[in-house]
1. Out of all the residues in region 56-97, which are closer than 27 Å to ILE19 by Cα and free of Cβ contacts under 8 Å to residues at least 40 places away in the same chain?
2. Among the residues of region 58-65, is any modelled with pLDDT of 75 or more and surrounded by 10 or more Cβ atoms within 10 Å (Cβ to Cβ)?
3. So how many residues does region 13-32 have that are free of Cβ contacts under 8 Å to residues at least 40 places away in the same chain, surrounded by 13 or more Cβ atoms within 10 Å (Cβ to Cβ) and closer than 18 Å to ALA52 by Cα?
Amino acid sequence: MNAVLPRFLKSTYRKEPLIAILITMGLVDALIGGLDDSWSLFAFGLGTAGIALGLKLWRIQQRRPVLEEPIVQHYLPSRSSSPSLPMLSVSKKKPPV
């Protein structure tokens, strides 16, 4: 089994457990009804899963993305608290002989 699928399922169940349970119940009912030739159970399962998916899509549309300014964290201050170093100049003196 793919390693990504269990992570996806766990995150889905943690975020919205009620919707995930309804989708799972609906799909299991549809599977049992389809294999057992019980069309009423199959239709009930598909209806339950469809309503749960519709509810999930509706909730996604209700969430509006909140645009926040990114917080910039500076590790060093913009100005140094100590005075700047003096500029070094090369003196043009002759070396001692």
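1. The answer is LEU57, TRP58, ILE60, GLN61, GLN62, ARG63, ARG64, PRO65, VAL66, LEU67.
2. yes
3. 12
Yes or no, residue by residue, for (1) open to solvent by 100 Å² or more (accessible area, probe 1.4 Å); (2) at positive phi; (3) at pLDDT 75 or above; (4) under 25 Å from the mean Cα position of the chain (by Cα):
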{"residue": "LEU41", "(1), (2), (3), (4)": "no, no, yes, no"}
{"residue": "GLY45", "(1), (2), (3), (4)": "no, no, yes, no"}
{"residue": "LEU55", "(1), (2), (3), (4)": "no, no, yes, yes"}
{"residue": "HIS74", "(1), (2), (3), (4)": "yes, no, yes, no"}
{"residue": "SER82", "(1), (2), (3), (4)": "no, no, no, no"}
{"residue": "LYS92", "(1), (2), (3), (4)": "yes, no, no, no"}
{"residue": "VAL97", "(1), (2), (3), (4)": "yes, no, no, no"}
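The values are calculated or read from the model by the stated rules, or taken from the named source; none is laboratory data. Only a predicted model underlies this, so the values are computations on that prediction, with no experimental measurement involved. Reconstructed Cβ throughout: ideal geometry from the backbone, glycine too, with neighbour counts over all protein chains shown. When the accessible area is computed, the model is the full protein with side chains, heavy atoms only, and any ligands, DNA or RNA have been set aside. Shrake-Rupley method; radii C 1.70, N 1.55, O 1.52, S 1.80 Å.
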